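The numbers here are math on the coordinates, done by the rules we state, and not lab data. Everything numeric in this text was worked out from a predicted model, so none of it was measured. Heads up, the Cβs are rebuilt from the backbone with ideal geometry, glycines too, and the neighbour counts pull from every protein chain shown.
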Amino acid sequence: MTFNMKPLGCDPARIKGMSERLIVSHYENNYGGTVKRLNAIEEQFAELDFASAPAFVVNGLKREQLIAMNSMVLHELFFDGLGDASEPIGGLRDALARDFGSYERWRSEFLATGNVAVIENFAPPRICFLLTQAIVFMSMITALRPVPNTSPCGPFDSSRV
C-alpha cells in the first residue's frame, strides 16, 4: 500500500499563533518525512520473504510501521485541526464539559500544561505523567485507524490468544 500526503486544508498565512513558515516546514518536512518513511517500510515488507525472515526483523519492521503510522495519523489530525479560531461544538464540547467541568476549564488546563512543558527544559514528573497520558490517549485514537495487515499469519484473531 502506498501512502500519500493529504493536502493542507488551511491557508497557513491565516493561522494565528504560528508562522506560515513554521506550518509549511512542519507539513513538508515532518509530516512529509513520516509519509516517506512509512512508504519505505511498506517497500521493505513487499520485498520481505516472511518464511525465511528472522522474527527480530519482522518485529522491528512492525514496530517501525506502527510508529510511522501513528505519526502520520497524528500529523493528519493536527493539520486537520488548523483553521480559523473556533471552539468545539456538539459531542466534543459536551464530553469536555462532562470530564472537566466545563469547556473553559479544559482549555485552561490544556494551555497551562502546554505552557509548562515548553517553559521547562526538562519536564517535571507531573508534566511527564500528563504528557504520557496524552500520548496513550492519542495512541488509542490512532488505533481506530487500522495498520495494513502485512502479517503472514493473516488478520489478528483475539480468540487464538
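Give me the lysines in straight-line cross-link reach of Lys62: C-alpha distance below 29 Å, same-chain residues under 8 apart excluded.
Lys6, Lys36
Residues of the stretch 70-111 with backbone nitrogen within less than 18 Å of a virtual label 7 Å along the Cα-to-Cβ line of Ile15, please, listed as ranges.
71-88, 111
Loop-only check: which trypsin sites (Lys or Arg not before Pro) in the stretch 6-78 are DSSP coil with at most 10 other Cβ within 10 angstrom? Write out the running numbers ahead of the final one.
Values: sites: Arg14, Lys16, Arg21, Lys36, Arg37, Lys62, Arg63; in loops: Lys16.
Of the trypsin sites (Lys or Arg not before Pro), the ones in loops of the stretch 6-78 whose Cβ has at most 10 other Cβ atoms within 10 Å are Lys16.
Working out 0.36 nm times the residue gap between Asn29 and Leu82, then minus their Cα-Cα distance, what length gain in nm do you get to one decimal? All intermediate terms of the calculation are to be shown ahead of the outcome.
Working: separation 53, 0.36 × 53 = 19.08 nm, distance 1.72 nm.
Difference between extended and current length: 17.4 nm.
Report ³J(HN,Hα) in whole Hz for each residue of the stretch 3-13, in order, from the Karplus equation J = 6.51 cos²θ - 1.76 cosθ + 1.60 where θ = phi - 60°; Gly and Pro get x.
Values, residue by residue: 9, 10, 5, 6, x, 5, x, 8, 8, x, 5 Hz.
Considering only DSSP states other than H, G, I, E and B, which chymotrypsin sites (Phe, Trp or Tyr not before Pro) in the stretch 29-94 qualify as loop sites with at most 13 other Cβ atoms within 10 Å?
Working: sites: Tyr31, Phe45, Phe50, Phe56, Phe78, Phe79; in loops: Phe50.
Hits after loop and neighbour filter: Phe50.
For the stretch 1-86, what does the alpha-carbon gyration tensor say about shape, rounded, prolate or oblate, given a ≥ b ≥ c as the root eigenvalues, a/c under 1.5 as rounded, and a/b over b/c as prolate?
Since a/c reaches 1.5 and a/b is larger than b/c, the shape of the stretch 1-86 is classed as prolate.
By how many nm would the segment from Ser102 to Ala40 grow when fully extended, if each residue of separation counts as 0.36 nm and the alpha-carbon distance is taken off?
Numbers: separation 62, 0.36 × 62 = 22.32 nm, distance 4.40 nm.
The span from Ser102 to Ala40 would gain 17.9 nm if fully extended.
Around Phe110, with a cut-off of 14 angstrom between Cβ atoms, what is the net charge of the other residues, counting Lys and Arg +1 and Asp and Glu -1?
Details: positive: Arg93, Arg105, Arg107; negative: Glu87, Asp99, Glu104, Glu109.
Value of the local net charge: -1.
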